[in-house]
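So the structure is just underneath, and the comments pick up after that.
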Amino acid sequence: MLWLALHFPSLALDVCARGVPEPGPLAIASSPAASATVIACNPVARNRGVQAGMALAAACALESGLKILPRDAAAEQAALERVAAWAVQYTPAVSVAAPSEVLLEIGGSLKLFGGLSQLCGLIENGVSELGYGVRLACAPAPLAAQWFARASLAVKIRHHDALRHVLEQLPAAALGQPPQIAALLDDIGARTVGDFLRLPREGAARRFGQHLIDDLDRALGRLPDARAPFTPPARFAAALPLPAPVHEAEALLFAARRLIAELCGFLASGGNGVQRLRFTLSHEDRDDTQIVLNLVAASRDPEHLVSVLRERLARLHLASPVAAIMLASESLTPLPARSLSFLPAPEEHAETVSRLIERLRGRLGDEAVRGLGLAADHRPERAWRACEPGHAAGAGNHAPWVSRPLWLLAAPRPLDESAAVPCDDGPLTLLAGPERIESGWWDGADVKRDYFIALTLGHSTLWVFRDRREPGGWYLHGIFG
């Protein structure tokens, strides 16, 4: 087995700050009380002199514009679980190790993703796109990988033979022992794991406790170290608080991109695509704003989802600043991987059309982009129906060889008549016809018409008819392209 540990050293800060590209001075406090201390701060705050462990009063004295947020342990746990759900796309064996780690068993995934270095690079870059700072380490035992990651040692150890040698060089402080045990190790001069391993085993167990001996045995692979497997949820739902209210809709795209990246990893892990997703914009002083994206075809392409959302945000006016953004998947559809071909495949054209429709809907609105389908009615004005793009509304009654114009007028327009010949800026030449249509007697909208294809003096082709009911007359009903 081969374990990859993802350690998040600034998780408390990242869950609050990853929603904006360049937050101002920000610090995370241990509690909302005035006597609390700073447990983490971003680089902007550090450049102003703020440090972890500093009292809040002292930090505010150094930087008057410091934004202080209380630590949210529940949000940190939720973030670890979402990262774990995202990581299932690389291996099904994922475990959450609170409070700041996620473990992946990647032994069976190396060949699929091009080797250990390639896989580690993919995961590291992907976690960075989610907005988290991460340290990676790889070892045959999960606890050893955790210790290396906590010590910022980006090792990639694949065999037990090399594990003990590298583990012996690890500082004893990386073992994460209670303060009294850490102080006792320092008192006896055990600065590294190797120093401790050279102590008599029975004496060390009596002095430091059997749990430390067992931890070292697990790290060395001498004892089993079973980890609880993570089970992804059936639906994706995530919330991202913003460190400062956002006043412009388009500025929300950065935070939304973080959530979409998490969503697409979640979808890839289950072989699914999303066809309907909902963004909820939370305001401090008014009801939430809902943005629902209805896709023509299921997708898990982050760039496509971002492009559709960008169009929606471009026409959204915020009546109140946004304090948080939430994303939930409402309709999941199986979306298996597709084999690539040398020549363009027909499904690629259909996918391109679907994406165009979705971007147009994002910009113009769902109701502004409709499909057309045939209906079972001989009357031309009733022979079509508006429908969802890509979904035919039925089958028509006319024969496939009957010519119909692409442009049908909303209502027939009367034409002048001269010597029994219809005129439209001059007499028309009848090229074909008549095609008689008599229908609709059962619903009170009956028609009796003889249709002709006519040519104007300007060589435009029209679709005209003569009304056989009283008082009769000629009408223009369509224009051929």
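The values are calculated or read from the model by the stated rules, or taken from the named source; none is laboratory data. None of these values were measured; they are calculated from a predicted model. Here the Cβ is made from the backbone with ideal geometry for all residues, glycine too, and neighbour counts use every protein chain on show. Each accessible area value is taken on the protein alone, full model and side chains, heavy atoms only, with ligands, DNA and RNA left out. Shrake-Rupley method; radii C 1.70, N 1.55, O 1.52, S 1.80 Å.
Tabulated results
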| item | result |
| --- | --- |
| Selection status of residue 176, among the small types (Gly, Ala, Ser), out of contact with any Leu (no Cβ under 7 Å at 6 or more places or on another chain) and either at negative phi or without any contact (Cβ under 8 Å) to a residue 24 or more places away in the chain (or both) | no |
| Members of segment 435-448 found to be in a strand (DSSP E or B) and either farther than 19 Å from residue 406 by Cα or in contact with a Gly (Cβ under 6 Å, 6 or more places away or on another chain) (or both), listed by number | 436, 438, 439, 447, 448 |
| All positions within segment 423-453 that are more than 19 Å from residue 379 (Cα to Cα) and in contact with a Pro (Cβ under 9 Å, 6 or more places away or on another chain) | 428, 430 |
| Residues (within 26 Å of residue 147 (Cα to Cα), open to solvent by 40 Å² or more (accessible area, probe 1.4 Å) and part of a strand (DSSP E or B)) located in segment 1-46 | 39 |
| Matching residues, segment 61-71, being touching a strand residue (DSSP E or B) at 6+ places or on another chain (Cβ under 8 Å) and open to solvent by 60 Å² or more (accessible area, probe 1.4 Å) | 67, 70, 71 |
| Those residues of segment 441-451 which are under 54 Å from the mean Cα position of the chain (by Cα) and surrounded by 14 or more Cβ atoms within 10 Å (Cβ to Cβ), in sequence order | 447, 451 |
| Sole residue being in contact (Cβ under 8 Å) with a residue 40 or more places away in the chain and out of contact with any helix residue (DSSP H, G or I) (no Cβ under 9 Å at 6 or more places or on another chain), chosen from 276, 257 | 276 |
| Residue that is modelled with the lowest pLDDT, among those in segment 47-98 that are of a type in the set (A, V, I, L, M, F, W, C) and assigned to a loop (DSSP other than H, G, I, E, B) | 98 |
| Candidates 73, 98, filtered to the one that is among the small types (Gly, Ala, Ser), free of Cβ contacts under 8 Å to residues at least 40 places away in the same chain and closer than 25 Å to residue 23 by Cα | 73 |
| Segment 291-304 - residue that is free of Cβ contacts under 8 Å to residues at least 60 places away in the same chain and in contact with a strand residue (DSSP E or B) (Cβ under 6 Å, 6 or more places away or on another chain) and, of those, farthest from residue 369 (Cα to Cα) | 300 |
| Test: residue in segment 82-91 that is among the β-branched types (Val, Ile, Thr), open to solvent by 30 Å² or more (accessible area, probe 1.4 Å) and without any contact (Cβ under 8 Å) to a residue 24 or more places away in the chain | no |
| Residues satisfying the stated conditions in segment 339-358, i.e. part of a helix (DSSP H, G or I) and either open to solvent by less than 100 Å² (accessible area, probe 1.4 Å) or modelled with pLDDT under 75 (or both) | 346, 347, 348, 349, 350, 351, 352, 353, 354, 355, 357, 358 |
| The one condition in (1) under 40 Å from the mean Cα position of the chain (by Cα); (2) under 18 Å from residue 220 (Cβ atoms); (3) without any contact (Cβ under 8 Å) to a residue 40 or more places away in the chain that residue 144 fails to fulfil | (3) |
| Boolean, residue 103 is modelled with pLDDT of 95 or more, closer than 16 Å to residue 18 by Cα and of a type outside the set (Ser, Thr, Tyr) | no |
| Tally, over segment 463-479, of residues that are of a type in the set (Gly, Ala, Ser) and at negative phi | 1 |
| Residues satisfying the stated conditions in segment 99-115, i.e. farther than 30 Å from residue 71 by Cα, open to solvent by 40 Å² or more (accessible area, probe 1.4 Å) and in a loop (DSSP other than H, G, I, E, B) | 111, 112, 113, 114 |
| Unique residue being touching an Asp or Glu at 6+ places or on another chain (Cβ under 8 Å) and within 30 Å of residue 162 (Cβ to Cβ) when the list is 281, 223, 184, 199 | 223 |
| Which listed residue is closer than 30 Å to residue 22 by Cβ, of a type in the set (Gly, Ala, Ser) and in contact (Cβ under 8 Å) with a residue 24 or more places away in the chain, from 238, 219, 228 | 238 |
| Residue that is least open to solvent (accessible area, probe 1.4 Å), among those in segment 454-470 that are under 21 Å from residue 382 (Cβ atoms) and out of contact with any His (no Cβ under 8 Å at 6 or more places or on another chain) | 462 |
| Failed criterion for residue 226 (all others in (1) surrounded by 11 or more Cβ atoms within 10 Å (Cβ to Cβ); (2) modelled with pLDDT under 95 hold) | (1) |
| Test result for residue 399, modelled with pLDDT under 80, in a loop (DSSP other than H, G, I, E, B) and closer than 28 Å to residue 308 by Cβ | no |
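A quick yes/no check of all residues on (1) at positive phi; (2) modelled with pLDDT of 90 or more; (3) open to solvent by 60 Å² or more (accessible area, probe 1.4 Å):
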position	(1), (2), (3)
385	no, no, yes
391	no, no, yes
394	yes, no, no
413	no, yes, yes
421	no, yes, no
428	no, yes, no
437	no, yes, no
